[in-house]
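Throughout, read-outs are computed from the coordinates displayed, never taken from laboratory work. All figures in this text were calculated on a predicted structure; none of them were measured in a lab. Positions of Cβ are generated from backbone atoms using ideal geometry, with glycine treated the same way; all protein chains shown enter the neighbour counts.
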Amino acid sequence: MSEKTLNEFKGTAEQEAALKDVIAKHHDQPGGLMPVLQEAQGIYGYLPLEVQQMVADGLGISLSEVYGVATFYSQFSLTPKGKHQISVCLGTACYVKGSDKILEAVENQLGIKSGECTPDGLFSIDSCRCVGACGLAPVMTIGEEVYGKLVPDQVKKILDSYRNEGGAAE
Ligand code: FES
């Protein structure tokens with residue numbers, strides 16, 4: 001069993017007060033759920049169930065309604081994101097060039113799975129479909145930075161450059 005407790009919700013009183021203000025601002029507004037969720041994500045960085053429940057209670061709607069909207073739109077994330085958001089492309093061109101092995105190498109390096117965030121909040125991993133750089137397959141992005149023609153052995157060095165805060169390793 002792993003010792004680390006991943007992605008436990010830790011909201012502060014300040015965040016909760018900010019969320020309450022947002023809810024109060026949009027409470028009587030038709031279609032207020034979307035802006036509330038957008039602002040809630042801005043406050044917390046993501047939309048954990050606890051936040052969805054506060055939104056549901058505050059707006060007087062069901063949790064399932066909030067959850068339905070939060071999961072329907074890709075702009076919303078139900079899991080926390082790291083300071084450095086890693087996305088490995090699993091689109092066809094990248095996949096046939098072995099991007100699953102790149103993803104595996106990233107997961108092994110960080111000790112987390114795709115969809116998770118490291119306990120220190122530094123990295124999160126996701127996969128994506130075609131980022132439009134198929135000529136560079138297999139491709140991984142970290143924030144705005146694109147890494148192409150990757151082999152699994154390069155992953156550690158790239159991640160180290162972010163661990164050491166420089167980022168954007170060649
Ligand atoms: S399939 Fe990965 S960039 Fe197009």
Revision key, fill the gap. Charge tally for neighbours of Ala70 with beta carbon under 14 Å away, counting Lys, Arg as +1 and Asp, Glu as -1, is -3
Check your understanding: For region 11-72, what relative contact order do you get, as a whole percent, if you take Cα pairs closer than 8 Å and at least 6 residues apart?
Key -> 31
Exercise for review: Sticking with the crude label model, points 7 Å out along Cα→Cβ, report the distance from Lys25 to Asn164 in nm, one decimal please.
Suggested key: 4.2
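Below 8 Å between Cα atoms, with a sequence gap of 6+, how large is the relative contact order for region 40-170 in percent?
Answer for region 40-170 is 22 percent.
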Check your understanding: If you place +1 on the Cβ of every Lys and Arg, -1 on the Cβ of every Asp and Glu, and leave all else neutral, what size is the dipole of the chain about its Cα centre, to the nearest 20 Debye?
Key -> 520
Check your understanding: Taking the Cβ of Gly11 as the center, what net charge do the other residues with Cβ under 12 Å away carry, scoring Lys and Arg +1 and Asp and Glu -1?
Key -> -2
Practice item. Check the cysteines of the chain one by one and keep only those with no other cysteine Cβ under 4.7 Å from their own. Key: Cys117, Cys128, Cys130, Cys134
Check your understanding: How far apart, in nm, are two points set 7 Å out from the Cα along the Cα-to-Cβ line at Asp57 and at Ala13?
Key -> 1.6
Study note, to complete from the structure: Expressed in nanometres to one decimal, the distance between label points 7 Å along Cα→Cβ at Asn108 and Cys134 is 2.9
